[in-house]
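Enquirer: Would you mind keeping the following structure in view while I ask a few things?
The values are calculated or read from the model by the stated rules, or taken from the named source; none is laboratory data. Values in this document were obtained by computation on a predicted structure and should not be read as measured data. As a convention, Cβ positions derive from the backbone with ideal geometry for all residues, glycine included, and neighbour counts pool all protein chains shown.
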Amino acid sequence: MRDADRDMPVIALYCSSMANSRASGDSSVQSVDRAVSILQVLARHGACGVTQIAGELAVHKSTVFRLLATLESRGLVEQSSSRGRYRLGYGVVQLAAGATKKHDLSVTSRPICQELAETVGETVNIAINDGNTVVSIDQVIGSAAVTTVNWVGQRSPMHVTSAGKVFLANMPADELKACLDEGLVRYTENTIVDPAVLERQLEEVRAQGYGFTQEELEIGLAAVAAPIRDLEGHVIAAVAVSGPKFRINEDTIPGIAQEARSAAAQISERNGYPKPG
């Protein structure tokens, strides 16, 4: 028997496996697409029955029922007082609140960030923490900025960013330990990779009310950040000033930090945090 003949069953099995994998993937995507369509129907019409939804989407009633059961288990839909009819659940409200909260923070903070950027002449970002990373949600370029790098949407590790250090410093002890236990990756020769050293610096962040980095993520880049708080005093974001190390250094950090803290306090007050005094 030729080698090609012996290989035919293996090739056929591989092709069959790939086809099944694609079919499974296509099915999963279709289910997600249909689930979103169901939510849109409920948003447009209010409470609806399975038959009405199936008719509008041209989908079998058993498929609609199965997807509704999944959405209901995640709190995205709920059954109305009349059995058999479904409406949007509170889970949708929570998702919308998350998006609105970030948008509102960008809107309410922008005038203050513009004033801060003009005062210090550097790039100003509003950053939030997402898992173990920091994400910028808004940015204002200062007049003295060397570059116009757009940080919005970019993710950075917490231990090498000024905003990240603000978040780490204000974490509950168990959450902080979990973050440190994952290990601290080195990005430059100045990156702090010893958890004990970082914890000592985080104590200073808590005491001073701001965090800073100097060439810990990128050579030549330095930054200062201060916490933004909500009504209950929780740190929900940070305002960060970044620029080249020859302008943000040991001599200038105290003054920049004072401006950043003042801006963060104003944003916090607009976000509901009581003004001291």
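Enquirer: I need the full set of residues from the range 183-222 which are of a type outside the set (V, I, T), in contact with a Ser or Thr (Cβ under 9 Å, 6 or more places away or on another chain) and over 25 Å from F246 (Cβ atoms), in order please. I'd like the intermediate steps shown before the answer.
Expert: In the first step, residues of the range 183-222 are kept if they are of a type outside the set (V, I, T); the result is 183-184, 186-187, 189-190, 194-196, 198-204, 206-212, 214-218, 220-222.
Cutting the leftovers down to in contact with a Ser or Thr (Cβ under 9 Å, 6 or more places away or on another chain) gives us 184, 190, 210-212, 215-218, 221-222.
L184 - this is the single residue of the range 183-222 that is of a type outside the set (V, I, T), in contact with a Ser or Thr (Cβ under 9 Å, 6 or more places away or on another chain) and over 25 Å from F246 (Cβ atoms).
Enquirer: Those residues that are of a type in the set (G, A, S) and either at pLDDT 95 or above or farther than 22 Å from D130 by Cβ (or both), I need them from the range 176-204; list them, please. So that I can check it myself, show each step before the final result.
Expert: From the range 176-204, those of a type in the set (G, A, S) are 178, 183, 196; that's our starting set.
Selection gives A196 alone.
Enquirer: Could you count how many residues in the range 37-90 are part of a helix (DSSP H, G or I), among the aliphatic types (A, V, I, L, M) and within 31 Å of the chain's Cα centre (by Cα)? Break it down stepwise before answering.
Expert: Within the range 37-90, the subset part of a helix (DSSP H, G or I) is 37-45, 50-57, 61-73, 90.
Filter once more, so that each one left must be among the aliphatic types (A, V, I, L, M): 38-39, 41-43, 50, 53-54, 57, 64, 67-69, 71.
Those still in the list that are within 31 Å of the chain's Cα centre (by Cα) too: 38-39, 41-43, 67-69, 71.
The qualifying residues number 9.
Enquirer: Could you give every pair whose Cβ atoms fall below 8 Å, whose first residue belongs to the range 46-64 and is under 16 Å from V77 (Cα atoms), and whose second residue is of a type in the set (F, W, Y) and outside any helix (DSSP H, G or I), counting only separations of at least 6 or pairs across chains?
Expert: A47/Y86; C48/Y86; G49/Y86; V50/Y86; I53/Y86
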